[in-house]
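Have a look at the structure below before the remarks.
The values are calculated or read from the model by the stated rules, or taken from the named source; none is laboratory data. Computed from a prediction, not measured in an experiment: that's the story for all the values here. Cβ placement follows ideal geometry from the backbone for every residue including glycine, while neighbour counts extend to all protein chains displayed.
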Amino acid sequence: MTTDQTEQAGQAAYLDATRLAYDTAAGAYAEIVPPFFGRDPFGLAMFRAFADVVRDGESAGRVADLGCGPGHVTAHLRDLGLDAFGLDLSPKMVAEARRTYPGLRFEEGTMTGLDLPDDSLSGIVSWYSTVHTPPEVLPAIFGEFHRVLAPGGHVLVGYKIGDRLRHLDHAYGHDLSLDVYWRSPEEVEERLAAAGLTVRARLVREPDDFERATQGRQGTLLAQKTNSTAP
Ligand SMILES: C[S@@+](CC[C@H](N)C(=O)[O-])C[C@H]1O[C@@H](n2cnc3c(N)ncnc32)[C@H](O)[C@@H]1O
């Protein structure tokens, strides 16, 4: 196998495993996760800042919630006054999101190859949707973010801080198979910068009472497409 073929096989394996895991756990995830999001005042402050810079930007247009899961983040973006839609790899997650938020638009798709024109979005949110992505696939995803963002557009990334990979055989009450990556802020920032996305703000917060046993610090980065061509 050539290096390209090995990389493509790795990417396909990650997408298949992640899709299957979330198809298995979609119902349980939708019940468990929304309260966690609403409990995080620091993350919510970053969402308000994101909404402000997107609204004030020159490219006022649609905002994509990529890896939207059950759609609660998409709904929050709508409540912040943004023209938001969701996209997820897992058909079952998309079905959950459509059932819960019938007034919003949700599509199936993958961040590794977005079915969207160049320069077409004013904002992207990737809220913990790259936590299953192997490091070698991140450049393809951040490259897609850069391609579909209009010049001056913004991206908000939520991620788990650390330096480890854990394989889950069980989660959300289901047997499944899923890799979870913890990353340093430096690594995520460098990878965004390599894709032409310049970090404008960064948040590092301590785990809350519910997260302390199993999680570490949590990170949020707000970056901007400052040059129209990828580096
Ligand atoms: C940890 S969940 C986060 C869901 C949601 N953003 C939230 O905060 O509740 C990760 C989600 O990202 C989706 N996902 C992972 N890789 C993806 C990819 N390459 N393209 C689209 N969605 C992806 C999964 O299907 C899953 O719904």
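Every residue in the range 111-123 that is within 12 Å of the ligand (Cβ to nearest atom) and either under 15 Å from the mean Cα position of the chain (by Cα) or under 18 Å from Thr220 (Cα atoms) (or both), please.
Those that are within 12 Å of the ligand (Cβ to nearest atom) and either under 15 Å from the mean Cα position of the chain (by Cα) or under 18 Å from Thr220 (Cα atoms) (or both): Met111, Thr112, Gly113, Leu114.
Go over the candidates Met46, Met1 one by one and state the one that is in contact with a helix residue (DSSP H, G or I) (Cβ under 9 Å, 6 or more places away or on another chain) and more than 10 Å from the ligand (Cβ to nearest atom).
Met1
Which one is farthest from Met111 (Cα to Cα) among residues in the range 4-29 that are among the polar types (S, T, N, Q) and within 12 Å of the ligand (Cβ to nearest atom)?
Thr24
Does Ser59 meet the test of being hydroxyl-bearing (Ser, Thr, Tyr), touching a strand residue (DSSP E or B) at 6+ places or on another chain (Cβ under 7 Å) and surrounded by fewer than 20 Cβ atoms within 10 Å (Cβ to Cβ)?
yes
Would you mind listing the strands (runs of 3 or more DSSP E) fully within the range 133-231 where at least 2 residues are closer than 20 Å to Thr18 by Cα?
149-160, 164-171, 174-182
Enumerate the pairs (first residue in the range 189-216 and farther than 16 Å from Arg39 by Cα; second residue anywhere and of a type in the set (Asp, Glu)) with beta-carbon separation below 8 Å, excluding pairs fewer than 6 apart on the same chain, so at least 6 apart or on different chains.
Going by the 8 Å Cβ cut-off, the qualifying pairs are Val199/Glu189; Arg202/Glu189.
Right, Gly86: within 21 Å of Ala140 (Cβ to Cβ), in a loop (DSSP other than H, G, I, E, B), at pLDDT 90 or above and within 12 Å of the ligand (Cβ to nearest atom) or not?
No.
Filter the range 1-14 for residues that are farther than 25 Å from Asp119 by Cα and either in contact with a Ser or Thr (Cβ under 9 Å, 6 or more places away or on another chain) or not in a helix (DSSP H, G or I) (or both) and give the result.
Passing the criteria: Met1, Thr2, Tyr14.
Among the residues that make up the range 43-59, is at least one of them among the β-branched types (Val, Ile, Thr), closer than 30 Å to Asp169 by Cα and part of a helix (DSSP H, G or I)?
The answer is no; no qualifying residue exists.
All but one of (1) more than 9 Å from the ligand (Cβ to nearest atom); (2) surrounded by 20 or more Cβ atoms within 10 Å (Cβ to Cβ); (3) part of a helix (DSSP H, G or I); (4) not basic (Lys, Arg) hold for Thr74; state the number of the condition that does not hold.
(1)
For Arg166, only one of the following conditions fails: (1) without any contact (Cβ under 8 Å) to a residue 40 or more places away in the chain; (2) loosely packed, with under 15 Cβ neighbours inside 10 Å; (3) under 30 Å from Arg62 (Cβ atoms). What is its number?
Condition not satisfied by Arg166: (3).
Mind checking which residues of the range 89-102 are within 20 Å of Leu114 (Cα to Cα) and either buried (at least 17 other Cβ atoms within 10 Å of the Cβ) or away from the ligand (no atom under 12 Å from the Cβ) (or both)?
Once the filter is applied, which keeps residues that are within 20 Å of Leu114 (Cα to Cα) and either buried (at least 17 other Cβ atoms within 10 Å of the Cβ) or away from the ligand (no atom under 12 Å from the Cβ) (or both), the range 89-102 yields Leu89, Ser90, Lys92, Met93, Val94, Ala95, Ala97, Arg98.
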